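Engineer: Okay, handing you the structure first.
The values are calculated or read from the model by the stated rules, or taken from the named source; none is laboratory data. Quick caveat: nothing in here was measured; it's all calculated off a predicted structure. Neighbour counts are summed over all protein chains in view; Cβ atoms, including those assigned to glycine, are modelled from backbone coordinates with ideal geometry.
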Amino acid sequence: MKTRGWFSRVMLWLGLAFLYLPIVLLVVFSFNASRLVTVWDADDSPTLRWYRALLTDHAVLDAAWLSIRVAAMTATGAAILGTLTGLALVRFGPFRGRAFLRGLSTAPLVMPEVITGLSMLLLFVSVEQVCRAAFGWQFDRGIVTITLAHITFTMTYVAVVVQSRLASCDDSLEEAALDLGARPAKVFFRITVPMIAPAILSGWLLAFTLSWDDVVVSQFVSGPGANTLPMVIFSKVRLGVNPSVNAFATLMVLIVGTGVLVAAWWLKRVEKRREREMRMAEAGQ
């Protein structure tokens with residue numbers, strides 16, 4: 001038993017080191033005075049030089065702002081469509097086309113990103129040709145096409161998370177509200193949404209992260225002047241990247257870590273409030 005406990009602890013620490021040691025090294029090298037990303041300049045002390053250089057790198061800053069807008073719109077659209085999809089698959093029971101909808105909602109999980117990106121590119125090219133021929137509209141690829149493409153594959157993850165949450169929720173409260181005369185829309189917004197709010201938030205954060213991190217699909221559906229941050233960094237790596245990218249990544253780690261902590265605190269608070277309300281309801285019976 002002692003050997004098993006010792007082995008488990010060692011494996012745990014090795015796993016944590018494998019996951020987080022590269023992030024720690026990235027943060028450390030963001031204060032490096034050398035122009036080389038992976039070589040520490042032992043002659044100079046730590047510096048904020050690359051953080052100051054980041055403020056003048058308009059290509060990275062513009063791409064970061066574009067990625068934030070795309071990720072926010074993608075996460076919001078994916079949260080709405082994924083929630084409705086999960087609700088239809090769990091609460092509506094058997095209906096015609098249910099198996100087809102389930103297949104469509106899970107296909108992007110196993111579809112290679114190259115296939116997804118190529119298919120979306122062909123779709124947007126066809127739409128562009130139709131709009132130009134039929135209406136004389138100029139439909140250029142850019143932030144809109146990137147957002148639509150990202151919603152296509154991120155809503156699947158939201159649907160899976162929401163389905164899992166709905167499957168574990170008791171629907172007796174919804175049925176009781178319907179029996180008391182509440183309209184389905186009011187039941188959805190007043191009872192169902194609060195119950196699955198942690199899942200919706202988790203799906204939103206997951207969709208935001210996937211959209212922010214995507215390179216392959218964005219490469220296919222982007223147009224001139226619409227370069228996301230991963231695309232810019234990927235192009236810089238080919239030509240040699242300076243430590244300002246480490247500085248930017250450090251800021252992103254700080255922001256994401258803060259967001260995760262705030263989200264975890266909020267979800268825990270919501271769960272405690274829900275448990276308290278359930279105990280009060282059981283005591284009232």
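Engineer: Go through the residues of segment 98-106 one by one and say whether even a single one is within 30 Å of Val256 (Cβ to Cβ) and of a type in the set (A, V, I, L, M).
Structural biologist: Within segment 98-106, not a single residue is within 30 Å of Val256 (Cβ to Cβ) and of a type in the set (A, V, I, L, M).
Engineer: Here is a further query. Is it the case that segment 107-126 has a residue that's free of Cβ contacts under 8 Å to residues at least 24 places away in the same chain, over 22 Å from Trp204 (Cα atoms) and polar (S, T, N, Q)?
Structural biologist: yes
Engineer: Right, another one. Which one of Thr85, Thr147 is within 25 Å of Ala226 (Cα to Cα) and surrounded by 18 or more Cβ atoms within 10 Å (Cβ to Cβ)?
Structural biologist: Being within 25 Å of Ala226 (Cα to Cα) and surrounded by 18 or more Cβ atoms within 10 Å (Cβ to Cβ) holds for just one of Thr85, Thr147, which is Thr147.
Engineer: While we're on this one: Please return the ranges of helices (runs of 4 or more DSSP H) entirely within segment 146-240 where 2 or more residues are within 26 Å of Ala263 (Cβ to Cβ), more than 14 Å from the chain's Cα centre (by Cα) and of a type in the set (A, V, I, L, M).
Structural biologist: Qualifying helices (runs of 4 or more DSSP H): 193-213, 229-239.
Engineer: Kindly establish whether Lys272 is at pLDDT 80 or above, within 22 Å of the chain's Cα centre (by Cα) and of a type in the set (Lys, Arg).
Structural biologist: no
Engineer: Being in contact with an Asp or Glu (Cβ under 7 Å, 6 or more places away or on another chain), of a type in the set (A, V, I, L, M, F, W, C) and crowded, with 16+ Cβ neighbours inside 10 Å is the requirement here; does Ile196 meet it?
Structural biologist: no
Engineer: Right, next: Please list, ordered by first then second residue, the pairs with beta carbon atoms under 9 Å, 6 or more apart or interchain, first in segment 152-166 and at positive phi and among the hydrophobic types (A, V, I, L, M, F, W, C), second surrounded by fewer than 20 Cβ atoms within 10 Å (Cβ to Cβ) and part of a helix (DSSP H, G or I).
Structural biologist: none
Engineer: Follow-up question, since we're still on this one. Considering only residues that are on the phi > 0 side of the Ramachandran plot and in a helix (DSSP H, G or I), which ones fall in segment 135-145?
Structural biologist: Hits for segment 135-145: nothing passes.
Engineer: Let me ask something additional. Pick from segment 222-278 the residues that are polar (S, T, N, Q) and either over 22 Å from Ile68 (Cα atoms) or in contact with a helix residue (DSSP H, G or I) (Cβ under 8 Å, 6 or more places away or on another chain) (or both): which of them is surrounded by the most Cβ atoms within 10 Å (Cβ to Cβ)?
Structural biologist: Thr228
Engineer: Let me ask you something else. Does Ala159 count as in contact with a Gly (Cβ under 7 Å, 6 or more places away or on another chain), assigned by TED's automatic domain parsing to the domain that holds Ala226, over 22 Å from Thr228 (Cα atoms) and aliphatic (A, V, I, L, M)?
Structural biologist: yes
Engineer: Please find, among Arg9, Arg96, Arg52, Arg91, the residue that is touching a helix residue (DSSP H, G or I) at 6+ places or on another chain (Cβ under 7 Å) and not hydrophobic (A, V, I, L, M, F, W, C).
Structural biologist: Result of the check over Arg9, Arg96, Arg52, Arg91: Arg91.
Engineer: Still on this structure: If I ask for residues that are touching a residue at least 60 places away in the same chain (Cβ under 8 Å), out of contact with any Ser or Thr (no Cβ under 9 Å at 6 or more places or on another chain) and either more than 22 Å from Asp213 (Cβ to Cβ) or not in a helix (DSSP H, G or I) (or both), which ones from segment 241-277 would you list?
Structural biologist: Val241, Asn242, Trp266, Val270, Glu271, Arg274
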